[in-house]
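Asker: I have a structure here, written as structure tokens, and I will follow up with some questions on it.
The values are calculated or read from the model by the stated rules, or taken from the named source; none is laboratory data. Because the structure is a prediction, the values reported are computed rather than measured. Cβ placement follows ideal geometry from the backbone for every residue including glycine, while neighbour counts extend to all protein chains displayed.
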Amino acid sequence: MKSTRKAKAPARDLRAEYEFDYSKSQKNRFATRGAPAVAVVLDPDVARVFGSSAKVNRLLRSVIKAVPGTVDGDRKRKAG
């Protein structure tokens, strides 16, 4: 018969205050992965029209290209 170890119960005595030595802290290596995300909240009636964020992004990109004066809109315009 194998003997099993009992898991130790977590410590229940928390300090009222902790002191951290921030001079020994390190940058979070996972913080910079991927592009930064921006959350936009749509009204319920607008959200019903679009089934996913991909559809919203596709429409917004087409609007950006169509509007003169935007970065992508200026690239498509001919000089003169």
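Asker: Given the criteria under 19 Å from the mean Cα position of the chain (by Cα) and either in a loop (DSSP other than H, G, I, E, B) or at pLDDT below 90 (or both), does Pro36 qualify?
Answerer: yes
Asker: Turning to a different aspect of this structure: Looking at this structure, is Arg48 part of a loop (DSSP other than H, G, I, E, B), modelled with pLDDT of 75 or more and not acidic (Asp, Glu)?
Answerer: no
Asker: Look through the stretch 51-78, keep the residues that are exposed (fewer than 10 other Cβ atoms within 10 Å of the Cβ) and of a type in the set (A, V, I, L, M, F, W, C), and return whichever of them is modelled with the highest pLDDT.
Answerer: Filtering first and then ranking leaves Ala54.
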